[in-house]
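All of the numbers you see were taken from the coordinates with simple rules; none came from a lab. Everything numeric in this text was worked out from a predicted model, so none of it was measured. Here the Cβ is made from the backbone with ideal geometry for all residues, glycine too, and neighbour counts use every protein chain on show.
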Amino acid sequence: MYVIHAESGQKLQAAISKLDTKEIAQINKTKRFDFNWNKEKGYEVYKLTAEGVDEPIGLISLADRPEDIAIEIRLLASSLENVGDKKFYQRIAGCMIAFACRKAFIARYGGYVCLKPKTDLRGHYQEIYGFESTKLFLVTDGSNSLSLIKKYYEDQE
């Protein structure tokens, strides 16, 4: 998995690791991410880090929904310096979404991942990541989830 430094085009190895409750509390103090991440302490929260970068550049909160045979992306955020036209790194959201898709296959959910977009990014998730709308949720599964995993999680070009 890698992210791309937007200015130089350099590919940097990236990794995703789980945060504990102390680290989640610390995230809110840095003011580098939108949302109150303390509300996510009851869920699995992961950070995306890049080689040579000390701070997390992305966060994702996941909920296992066995009754729906799905992994839910509760929150997904790039650090504030990685949002918009002047972001430092590209591919942050894609890497984290692919990670969720991979977890959905490991859980035997057929890659089924759902999310409720909390911002105006609904169209972006559909256009860039191939999510489909069920009105309440956006979903990806099967071959689309596999292609996201290949593009963002496994591709080491």
- Item | Selected residue (only one of 64, 85 is acidic (Asp, Glu), farther than 19 Å from residue 2 by Cβ and in contact (Cβ under 8 Å) with a residue 12 or more places away in the chain) | 64
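Looking only at region 87-135, how many residues end up being in a helix (DSSP H, G or I) and polar (S, T, N, Q)? Walk me through how you get there before you give the answer.
Within region 87-135, the first condition is being in a helix (DSSP H, G or I), and the residues that meet it are 92-106, 122-129.
This time we only want the ones that are polar (S, T, N, Q), so: 126.
Total meeting the criteria: 1.
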- Task: Answer yes or no: is there a residue in region 107-117 that is crowded, with 22+ Cβ neighbours inside 10 Å, in contact with a Cys (Cβ under 6 Å, 6 or more places away or on another chain) and among the aliphatic types (A, V, I, L, M).
- Result: yes
- Query: Of the residues in region 127-141, how many are surrounded by 13 or more Cβ atoms within 10 Å (Cβ to Cβ), over 18 Å from residue 91 (Cβ atoms) and either of a type in the set (A, V, I, L, M, F, W, C) or out of contact with any helix residue (DSSP H, G or I) (no Cβ under 9 Å at 6 or more places or on another chain) (or both)?
  - Reply: 3
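Report yes if residue 80 is surrounded by 15 or more Cβ atoms within 10 Å (Cβ to Cβ) and on the phi < 0 side of the Ramachandran plot, otherwise no. Steps first, please.
Details: surrounded by 15 or more Cβ atoms within 10 Å (Cβ to Cβ): no; on the phi < 0 side of the Ramachandran plot: yes.
Considered against the rule, which asks whether it is surrounded by 15 or more Cβ atoms within 10 Å (Cβ to Cβ) and on the phi < 0 side of the Ramachandran plot, residue 80 comes out as no.
Within region 116-153, which residues are among the polar types (S, T, N, Q) and either under 16 Å from residue 98 (Cα atoms) or in contact (Cβ under 8 Å) with a residue 24 or more places away in the chain (or both)?
First, the residues of region 116-153 that are among the polar types (S, T, N, Q): 119, 126, 133-134, 140, 143-145, 147.
Matches in region 116-153: 126, 140, 143, 144, 145, 147.
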